[in-house]
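What follows is a short report on a single structure.
The values are calculated or read from the model by the stated rules, or taken from the named source; none is laboratory data. Quantities reported herein were computed from a predicted structural model and do not represent experimental measurements. Backbone-built Cβ (ideal geometry, glycine too); neighbour counts: all protein chains shown. With ligands, DNA and RNA removed, areas are computed over all heavy atoms of the protein, side chains included. Shrake-Rupley method; radii C 1.70, N 1.55, O 1.52, S 1.80 Å.
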Amino acid sequence: MEYVTLSNGVKMPQLGYGVYQVSNEECERCVRDAISVGYRAIDTAQSYHNEDAVGAAVAASGVPRSELFLTTKIWIANGGYEKAKTSIDQSLKNLRSDYVDLLLIHQPFNDYYGTWRAMEEAYKAGKARAIGVSNFYPDRLIDLCRFVEIKPMVNQVETHVFNQQHQAHEIMVKYGVQHENWGPFAEGRKDFFTNPMLVEIGRKHGKSSAQAALRYLLQRDVVVIPKSTHKERMIQNLDVFDFALDDQDMAAIEALDEGQSLFFSHYDPATVEMITGLVR
Ligand code: NAP
């Protein structure tokens with residue numbers, strides 16, 4: 001495993017396991033499998049409704065809490081100082097832990113400045129070892145960095161070979177924010193796993209298309225959190241530290257970039273209505 005060092009000195013595994021769209025019933029088994037095959041970072045969120053399954057799996061894993069890196073995210077419905085504060089304590093209860101390693105604002109909507117103040121307080125109280133944001137496009141990220149006491153340490157944004165986020169990455173580097181990805185396989189969209197370029201580059205190194213895609217992001221200093229409910233794929237996705245893409249491979253994969261989301265844009269009013277409309 002390789003680690004990145006966040007702006008506050010905290011070390012974060014560069015590869016973790018994401019549990020989006022993993023049901024609460026299945027999640028405990030998945031996280032236990034992930035930890036048993038060597039994952040040490042788990043990415044969940046209040047809105048995934050599986051924090052308690054993650055907490056149960058961690059408790060049953062036999063791995064000391066200090067060796068694990070747990071991330072959760074505050075959902076829009078819990079936006080604003082008071083609600084965020086209460087929700088942080090509920091997340092810790094769900095996760096059966098006194099602290100999370102990384103606490104993120106899930107989306108740049110609702111009163112996220114109020115949310116941030118509650119997170120700064122949680123950070124100072126030792127309830128979060130690091131704090132950050134998710135889905136903050138460069139304009140929102142710069143604004144937040146300019147006006148808060150403690151700057152975000154991480155920004156988790158959609159990043160994969162078809163949406164490589166070069167400009168956003170530069171802004172994160174400029175503001176000392178670690179770039180973390182979501183959707184490293186674009187959730188399989190655009191025939192991701194059979195993409196001829198990825199298959200070919202993977203084959204050249206005795207690896208799969210998935211492994212080539214993860215390796216590309218790792219070599220661009222991005223933290224990755226692939227999701228799979230299958231143990232053999234969990235093993236495969238973790239087995240990416242014994243080879244390196246060369247300049248030719250990197251250039252070939254860079255050319256796959258389409259420079260836009262395969263999911264949605266936060267600049268699109270319809271998307272903002274859709275996401276904020278999830279809060280009832
Ligand atoms: P993803 O990791 O890009 O793709 C997951 C899909 O790829 C699943 O269908 C999985 O199938 C399949 N897969 C995984 N490994 C494979 C392999 N080696 N070969 C073939 N197929 C493979 O999608 P994601 O879950 O959306 O993203 C990863 C994590 O990012 C999430 O779990 C979550 O923690 C985080 N995330 C955050 C946000 C946010 O707004 N902050 C949004 C989305 C995701 P099986 O499960 O059937 O194996």
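Looking for whichever is under 20 Å from Asn8 (Cα atoms) and open to solvent by less than 20 Å² (accessible area, probe 1.4 Å) here; the options are Glu149, Glu158, Glu180. Which one fits? When all the criteria are applied, what remains is Glu180.
One residue stands out in the stretch 91-112 among those that are of a type in the set (Asp, Glu) and farther than 18 Å from Val279 by Cα: the one that is surrounded by the most Cβ atoms within 10 Å (Cβ to Cβ), namely Asp101.
Checking each residue in the stretch 117-146 for being part of a helix (DSSP H, G or I), open to solvent by less than 10 Å² (accessible area, probe 1.4 Å) and within 16 Å of the ligand (Cβ to nearest atom) picks out Met119, Leu141, Leu144.
Scanning the stretch 1-17 for residues that are under 14 Å from Arg129 (Cα atoms) and either in contact with a helix residue (DSSP H, G or I) (Cβ under 9 Å, 6 or more places away or on another chain) or within 12 Å of the ligand (Cβ to nearest atom) (or both) yields one hit, Asn8.
Applying the criterion of being away from the ligand (no atom under 16 Å from the Cβ) and in contact (Cβ under 8 Å) with a residue 40 or more places away in the chain to the residues of the stretch 230-254, the residue that is most open to solvent (accessible area, probe 1.4 Å) is Glu254.
One line per residue, one yes/no per condition, for (1) within 14 Å of the ligand (Cβ to nearest atom); (2) in contact with a Pro (Cβ under 9 Å, 6 or more places away or on another chain); (3) part of a strand (DSSP E or B); (4) β-branched (Val, Ile, Thr):
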position: Gln167; (1), (2), (3), (4): no, yes, no, no
position: Ile171; (1), (2), (3), (4): no, yes, no, yes
position: His179; (1), (2), (3), (4): yes, no, yes, no
position: Lys190; (1), (2), (3), (4): yes, no, no, no
position: Met197; (1), (2), (3), (4): no, no, no, no
position: Glu200; (1), (2), (3), (4): no, no, no, no
position: Arg203; (1), (2), (3), (4): no, no, no, no
position: Gly206; (1), (2), (3), (4): no, no, no, no
position: Ala210; (1), (2), (3), (4): yes, yes, no, no
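Of all residues in the stretch 18-34 being within 8 Å of the ligand (Cβ to nearest atom) and either β-branched (Val, Ile, Thr) or part of a strand (DSSP E or B) (or both), which is surrounded by the most Cβ atoms within 10 Å (Cβ to Cβ)? It comes out as Val19.
Scanning the stretch 41-52 finds no residues that are buried (at least 19 other Cβ atoms within 10 Å of the Cβ), of a type in the set (Phe, Trp, Tyr) and farther than 14 Å from Ile225 by Cβ. When Val63 is tested against (1) touching a residue at least 60 places away in the same chain (Cβ under 8 Å); (2) part of a loop (DSSP other than H, G, I, E, B); (3) open to solvent by 10 Å² or more (accessible area, probe 1.4 Å), just one condition goes unmet, and that condition is (1). Of all the criteria given as (1) within 19 Å of the chain's Cα centre (by Cα); (2) β-branched (Val, Ile, Thr); (3) open to solvent by 30 Å² or more (accessible area, probe 1.4 Å), the one not satisfied by Ile88 is (3).
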